[in-house]
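Chemist: Take a look at this one; I'll ask things after.
The values are calculated or read from the model by the stated rules, or taken from the named source; none is laboratory data. Note that the coordinates shown come from a computational prediction; the quantities given were computed from them, not determined experimentally. In this analysis, Cβ positions are derived from the backbone assuming ideal geometry, glycine residues included, and neighbour counts consider all displayed protein chains. Ligands, DNA and RNA are stripped out before the accessible areas are found, and what is left, the full protein with its side chains, is counted by its heavy atoms. Shrake-Rupley method; radii C 1.70, N 1.55, O 1.52, S 1.80 Å.
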Amino acid sequence: MSEIIAALVATVREASAERGGIGAMTACADGGWNAELWAALEQIGVTTVSVPEEHGGAGGDVATAVAVLEVLGEYSAGVPLAETALLAGWLIAGCGATVPSGPLTAAVAGPELRTRQEDTGLSVQGTIARVPWARHAHHVAVLDNGRVILLGRRDFLLAQGTNLAGEPRDDLAINAVVPASRVHGPAADSAISVQAFHGRAALARAALMAGAARRALELAVAYAGEREQFGRPIAKFQAVQQHLAAMAGEVLLSKMAVEAAALALDTRGDADVAVAAAKLVAGQMAGVVASLAHQIHGAIGFTEEHPLRHSTTRLWAWRDESGNEDEWSGVLGQRVVSEGTGGLWPLLTGARGNGADR
């Protein structure tokens, strides 16, 4: 991590610690959001961290966004930074348009959404299910057949829902004529696609999971050092030490996989494989870390006022969002099969084009 990114991460960590304690987590537990923290992140300049400056962003890369998301995942921060920076901002900037201010979210149109060109704009009718943070977003960027439709708050009705962690996942009922100024086609050099969208969404969830797992590990280590049984801290017992070691290994592996995927996106490497591996590793890690953290804490870790449950419920929720382990295992398996008998080793090592596959 560069000194610049490290300094930025430290600033985000300080803001999250000041504005994201257990009180803020509890307040966001049923579809709320941390407006105070969002304002601080806007002031720091990270809410559009991976959006080019010429399109209204901060000009950072995906690796920087991932580093910030890990911190926000660690603090169970109720803010839509992943949706604003990595998804909506990317879609809008990829069309050569300026990213609007404020919190944003994004979605991919399905068969339930119908469009028709009219004299006054694009008629958009239909539904989109479980859009993250829609009730708090100023705009929703919808990827529809290669173009990006920017919906305002007046363009849809909203049925509120939440995921397991209490984060907003809202259904949109759309019936609007969107003016041409808010319907964008992709730029000539754009990498916008449904596959790329799903990959970025999966990487965002994996980065948040890496942060949440780190916090679960920190809480487990602290509790094991404080809780005494038979006259000594439970951290002295070999079984507990093994649990903590297993958690630490999973947390480190997940972090490395996420950072490798971010690097692949930034350098236009084999991002499909790297992202699939990151989300797969994060999903498997979530089960191990959440289970062992709760075993160490006992019943106390499940209570409403305990911070552990905010981390573990997010691990469980994010594990299933943007593709679970089965889905991303399938993606990796299909890729391996498509490479043929001589392609597995170059695929694993990234040794393409240097003679290693001959």
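Chemist: Could you work out the Kirkwood radius for segment 236-278, taking every pair of different alpha carbons, averaging 1/r and inverting it, reported in Å?
Modeler: The answer is 11.6 Å.
Chemist: Continuing with the same structure: Using θ = phi - 60° and the Karplus form 6.51 cos²θ - 1.76 cosθ + 1.60, what ³J(HN,Hα) does each residue of segment 163-169 get, whole Hz, x for Gly and Pro?
Modeler: Listing the rounded values in order: 8, 4, 8, x, 7, x, 9 Hz.
Chemist: I've got another one for you. Treating the Cα atoms of segment 165-223 as identical point scatterers in vacuum, please give the log10 of the normalised Debye intensity I(q)/I(0) at q = 0.16, 0.21, 0.25 Å⁻¹, two decimals.
Modeler: Per q value, in the given order, log10 I(q)/I(0) is -0.86, -1.05, -1.10.
Chemist: In segment 115-187, what is the volume of the convex hull around the alpha carbon atoms, normalised per residue and reported in Å³?
Modeler: Expressed per residue, the convex hull around the Cα atoms of segment 115-187 is 94 Å³.
Chemist: When only DSSP loop residues count, what GluC sites (Glu not before Pro) in segment 63-152 have their Cβ near at most 16 other Cβ atoms within 10 Å?
Modeler: Of the GluC sites (Glu not before Pro), the ones in loops of segment 63-152 whose Cβ has at most 16 other Cβ atoms within 10 Å are Glu112.
Chemist: Rg to Rh for segment 130-260: what is it, with Cα atoms only and Rh by Kirkwood?
Modeler: Taking Rg over the Kirkwood Rh, I get 1.19.
Chemist: Which whole-number value in Å² is the accessible area per residue of segment 94-137, probe 1.4 Å?
Modeler: Using a 1.4 Å probe on heavy atoms only, each residue of segment 94-137 averages 44 Å².
Chemist: Something else now. For segment 14-154, build the charge dipole from Cβ charges (+1 Lys, Arg; -1 Asp, Glu) around the Cα centre, then report which of Val71, Val124, Val108 sits farthest towards its positive end.
Modeler: Val124
Chemist: At 25 °C and 0.890 mPa s, grab the translational diffusion coefficient of segment 232-348 from Stokes-Einstein with a Kirkwood Rh over Cα pairs, rounded to a whole number in µm² per second.
Modeler: For these conditions, the coefficient is 153 µm²/s.
Chemist: Which ³J(HN,Hα) values, rounded to whole Hz and listed in residue order, are derived for segment 229-241 from phi using the Karplus coefficients 6.51, -1.76 and 1.60 in 6.51 cos²θ - 1.76 cosθ + 1.60 with θ = phi - 60°, glycine and proline given as x?
Modeler: Once rounded to whole Hz, the list reads 9, 6, x, 8, x, 5, 5, 7, 7, 4, 4, 5, 4.
Chemist: Throw me the Rg/Rh for segment 53-167, computed over C-alpha atoms with Kirkwood Rh, two decimals.
Modeler: Reported Rg/Rh (Cα atoms, Kirkwood Rh): 0.98.
Chemist: Also, quick follow-up: Report the Cα-based extents of segment 1-66 along its three principal axes, largest first, to the nearest Å.
Modeler: 36, 25, 18
Chemist: Follow-up. Where does the chain land at 222 nm, in deg cm²/dmol rounded to the nearest 500, when only DSSP H runs of n ≥ 4 count, each adding -39500 (n - 2.57), divided by all residues?
Modeler: It comes out at -16500 deg cm²/dmol, rounded to the nearest 500.
Chemist: Same structure again: Arranged from highest to lowest average of other beta-carbon atoms within 10 Å per residue, in what order do the peptides 12-21, 338-347, 207-216 appear?
Modeler: Highest mean packing first, the order is 207-216, 12-21, 338-347.
Chemist: Once phi is turned into ³J(HN,Hα) by the Karplus curve 6.51 cos²θ - 1.76 cosθ + 1.60 with θ = phi - 60°, what whole-Hz value does each residue of segment 304-313 show in order, with x for glycine and proline?
Modeler: Once rounded to whole Hz, the list reads 4, 8, 8, x, 4, 5, 5, 6, 6, 5.
Chemist: Of the GluC sites (Glu not before Pro) in segment 237-317, which ones lie in a loop per DSSP and count no more than 12 other C-beta atoms within 10 Å?
Modeler: For GluC sites (Glu not before Pro) across segment 237-317 that sit outside H, G, I, E and B with at most 12 neighbouring Cβ atoms in 10 Å, the list reads Glu304, Glu305.
Chemist: Farthest toward the dipole's positive end in the chain, which of Val183, Met25, Phe156, given Cβ charges of +1 (Lys, Arg) and -1 (Asp, Glu) about the Cα centre?
Modeler: With unit charges placed on the Cβ atoms, the residue in question is Met25.
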